[in-house]
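Encoded as structure tokens, the structure appears first; notes follow it.
The values are calculated or read from the model by the stated rules, or taken from the named source; none is laboratory data. Everything quoted here is computed from the prediction, not taken from an experiment. Here the Cβ positions follow ideal geometry from the backbone for every residue, glycine too, while neighbour counts run over all protein chains shown.
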Ligand SMILES: Cc1cc2nc3c(=O)[nH]c(=O)nc-3n(C[C@H](O)[C@H](O)[C@H](O)COP(=O)(O)OP(=O)(O)OC[C@H]3O[C@@H](n4cnc5c(N)ncnc54)[C@H](O)[C@@H]3O)c2cc1C
């Protein structure tokens, strides 16, 4: 085991070569963790350079715990993570509830220390991972768009074809290329169907100094202190408006029902005038909110269409050389609050499973074991997205409003999970389960939950009939 300033311990080399496609959160974390677990790493990305757009997301302790192996990352994470306080408002900007920090909840008898929910600005988190990867001598190869995935059973290798026709191969190909990954043509034989949820969001983040140029905005949304990150959640029947701010960044999101001009893309730009046309229809919408919207740099405004996808149990190609992680394997709607967390958990779990495999001949089992260890857990969190979405549509009532969804998301089965330890402890059990059919019981899901296949359509039909979505077991 090697110890360096960058990494508390690097495992002995396994000789397994890994090609990672996509340098988003999942891909960068997979690159770091695969390196730490002793594998040879190469990472390619379609963009010509690092993409620094995006606003914020929640990352839970089950993911950030992995940073402890990377002292500089852990230190930087302390600086960039912020613990938001949440307060509900009406759509005319009147406060309904007092600001509250959101605490994770602890199970009876648990020894784990819960802490508060924290959020990250995506560009800062991305930059932190990228710098660490560079420091260990692995650089992202930009301008490399994968257009096809393949695997060869004769050589036992997987690979990709790049847009320029070049072919790149490795023992394992990790598809971390996010929404609409080309890899599903190999893993499932088809693309995954995505359907509109009926919701779209205008969203942006930009430097605080731009927002502070308008005196009315400055007075209503003053600069906050270090480590503070108030979230104002303006909730109404058809719209949600969120304002999130830290000392240096201002961000707002407007969720609305009309999604026609939006696309499910993190690069689709939009027009501020379209946002103002919507806010002009909201009764008592305050001028200060429009003034904030008008300050948004035009190239920072996204119009994101929120889409559903059914859970996909298969993330591994038939010959076991290609595996999907992050959004390529499972997408989340924002109400699940778990896209980045589960992407990081995937990266840790997969790198560990490959170390447990130890040699290239066992790789195909490692990928299947990882898939089996993770699928039920991520599908439970996808299901919570549906439950939560409904709860966020409730109108806040004075001093009594905590969306049920938020309550579910603070449960210990979510934040307490340790993906590396889980993979180490369960690797052989799942190998037996897959090879000999011995029973395997997931323990990274709500206790007592029994997984049954479900679809978005099925759950929506239940909601339309006025039935509760069944959450069997201990989800809270
Ligand atoms: C620019 C950007 C901004 C985002 N902003 C937010 C945000 O503000 N809030 C939020 O909640 N989520 C945001 N997300 C999504 C969020 O990062 C993910 O949902 C989550 O972190 C899971 O990460 P992922 O690595 O699986 O996917 P992503 O973070 O989407 O990363 C996928 C990566 O793969 C690359 N890629 C795609 N296709 C190919 C290809 N064919 N060949 C090579 N590379 C490819 C993409 O360019 C991207 O870098 C953003 C994603 C991106 C790419």
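Just one of the listed residues (38, 22, 93) is crowded, with 16+ Cβ neighbours inside 10 Å and under 22 Å from the mean Cα position of the chain (by Cα), namely 22. Residues that are touching a strand residue (DSSP E or B) at 6+ places or on another chain (Cβ under 9 Å) and under 15 Å from residue 63 (Cα atoms) number at least 3 in the following helices (runs of 4 or more DSSP H) confined to segment 318-424: 339-357. Evaluated against (1) out of contact with any strand residue (DSSP E or B) (no Cβ under 9 Å at 6 or more places or on another chain); (2) within 30 Å of residue 167 (Cβ to Cβ), residue 62 falls short on exactly one condition, (2).
Can you find even one residue in segment 75-88 that is modelled with pLDDT under 95, surrounded by 15 or more Cβ atoms within 10 Å (Cβ to Cβ), within 29 Å of residue 378 (Cα to Cα) and within 13 Å of the ligand (Cβ to nearest atom)? Within segment 75-88, none of the residues are modelled with pLDDT under 95, surrounded by 15 or more Cβ atoms within 10 Å (Cβ to Cβ), within 29 Å of residue 378 (Cα to Cα) and within 13 Å of the ligand (Cβ to nearest atom).
Table: residues versus (1) without any contact (Cβ under 8 Å) to a residue 24 or more places away in the chain; (2) away from the ligand (no atom under 13 Å from the Cβ).
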{"position": "130", "(1), (2)": "no, no"}
{"position": "134", "(1), (2)": "yes, yes"}
{"position": "145", "(1), (2)": "no, no"}
{"position": "175", "(1), (2)": "no, no"}
{"position": "218", "(1), (2)": "yes, yes"}
{"position": "221", "(1), (2)": "no, yes"}
{"position": "228", "(1), (2)": "no, yes"}
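In segment 13-20, is there at least one residue being within 16 Å of the ligand (Cβ to nearest atom) and on the phi > 0 side of the Ramachandran plot? Checked segment 13-20: no residue is within 16 Å of the ligand (Cβ to nearest atom) and on the phi > 0 side of the Ramachandran plot. Can you tell me which residue is surrounded by the most Cβ atoms within 10 Å (Cβ to Cβ) among those in segment 456-476 that are in contact with a helix residue (DSSP H, G or I) (Cβ under 7 Å, 6 or more places away or on another chain) and part of a helix (DSSP H, G or I)? Filtering first and then ranking leaves 459.
Rundown of residues vs (1) assigned by the TED database to the domain that holds residue 364; (2) in contact with a helix residue (DSSP H, G or I) (Cβ under 6 Å, 6 or more places away or on another chain); (3) within 16 Å of the ligand (Cβ to nearest atom); (4) in contact (Cβ under 8 Å) with a residue 12 or more places away in the chain, yes/no style:
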| site | (1), (2), (3), (4) |
| --- | --- |
| 90 | no, no, no, yes |
| 97 | no, no, no, yes |
| 127 | yes, no, yes, yes |
| 137 | yes, no, no, no |
| 161 | yes, no, yes, yes |
| 189 | yes, no, no, no |
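Within segment 62-74, the set of residues being over 21 Å from residue 112 (Cβ atoms) and surrounded by fewer than 21 Cβ atoms within 10 Å (Cβ to Cβ) comprises 71, 72. The residues on offer are 296, 341, 314, and the sole one that is within 16 Å of the ligand (Cβ to nearest atom) and closer than 20 Å to residue 177 by Cβ is 341. Counting only helices (runs of 4 or more DSSP H) wholly contained in segment 182-277, the ones carrying 3 or more residues that are farther than 30 Å from residue 320 by Cβ occupy 208-211, 215-220.
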